[in-house]
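A.B. asks: First, the structure itself, so that you have it in front of you.
Every number here is computed from the coordinates shown, using simple stated rules; none is lab data. Since we're looking at a predicted model, the values are computed, not measured. Glycine also receives a Cβ, built like all others from the backbone with ideal geometry; neighbour counts cover every protein chain displayed.
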Amino acid sequence: MSYHDKPIAEFRSKRMGSFNWSGFRTLYEKEVRRYIKVFGQTVGAPVVTTFLFMMIFTLALGGNDRYMGEVPYAVFLAPGLIIMTVLQNSFANTASSIIGSKMQGNIVDILLAPLGAKEIVLGYAFGGMTRGIMVGCFVLLSMTFMTDVTFQHIWAILYFSISGSMMLSLLGIMTGIWGQRFDQTSAISNFVIMPLSFLSGTFYSIERLSGVWYKISHANPFFYLIDGFRYGFTGQAEGNLTIGITYIFVINIILWIACYKMFKSGYKLRA
């Protein structure tokens, strides 16, 4: 096999005997600074949009005068909107960053740097996670002006927000590598991410579903993320938390391996 036939990542991994913390930190900082420069678009806009969702749904459906089980509807809705925003922005950050670099031709700067596939995946993933969680924190702050927000189980809030943002960041990396244009990433967002988010119990209790739709909802990983995150605020869960924790963990392992192999092989990254 000639030099030109071997994946770029293979030579890079040979140069790097151990984890390149400096390179990882540099890539992570680049990703954070990239969206901080357009803070109003990447953070401000999602916060305003989610706040409007909260306001419209609570006003239209009675707010705290209506209950989901023993929980006021506004208290039920707020955590679902927060985690939904975290997931969507984590995905958007990594997908747009990689597809933008590919279209501009500067992805080669990352591929030729002394970085292994694991540093690149973690750098992009942590950048997306940071944006998602940052947006979630601002949305949480805005929700306190509309309803009572209490913390029942901090561990659930942390686990499902971190693992959820990791899952969507990794999915965004895969989408960015696979896609060639922004409309392809938008298609994944509009026809996959958005429906899975909306049809996972964000605005309603899946206990109201029956038959096949109830079973489909329990196969949706977004349901476990939203249900587990909501449990951290309300203390009530519709699904099995142990199954949810395990399910999301396994999905993250699979996505991590897929992203690692895509960068390692140079799939759709080499001209």
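A.B. asks: Expressed as an acute angle from 0 to 90° and rounded to the nearest 10, what is the orientation of the C-alpha long axis of helix 73-104 relative to the principal long axis of the chain?
C.D. replies: 20
A.B. asks: Next question. Under a point spin-label approximation (7 Å from Cα along Cα-to-Cβ), what is the Ser18-Asp183 distance to one decimal in nm?
C.D. replies: Result: 4.9 nm between the two label points.
A.B. asks: Once the Cα atoms of helix 21-36 and of the chain are each reduced to a long axis, what angle between those two axes, in degrees from 0 to 90 to the nearest 10, is obtained?
C.D. replies: So the inclination is approximately 50 degrees.
A.B. asks: Could you work out the pair-distance distribution P(r) of the stretch 19-265 from its alpha-carbon pairs, with 5 angstrom bin width and percents rounded to whole numbers?
C.D. replies: 1, 7, 14, 18, 19, 16, 12, 7, 4, 2, 1, 0
A.B. asks: Which is the longest part of the chain that has none of the trypsin sites (Lys or Arg not before Pro) sitting in a DSSP loop with at most 16 other Cβ atoms within 10 Å? Walk me through the numbers before you get to the answer.
C.D. replies: Details: sites that count: Lys37, Arg66, Arg181, Lys268, Arg270.
Looking at the chain, 67-180 is the longest stretch - no exposed trypsin sites (Lys or Arg not before Pro) with at most 16 other Cβ atoms within 10 Å.
A.B. asks: Oh, and also: Listed here are the pairs Lys118/Lys268; Lys30/Lys261; Lys102/Lys268; Lys215/Lys261; Lys30/Lys118; which of them are more than 21 Å apart at the Cα?
C.D. replies: On the way: Lys118/Lys268 17 Å; Lys30/Lys261 23 Å; Lys102/Lys268 9 Å; Lys215/Lys261 32 Å; Lys30/Lys118 17 Å.
Checking Cα-Cα distances, Lys30/Lys261; Lys215/Lys261 exceed 21 Å.
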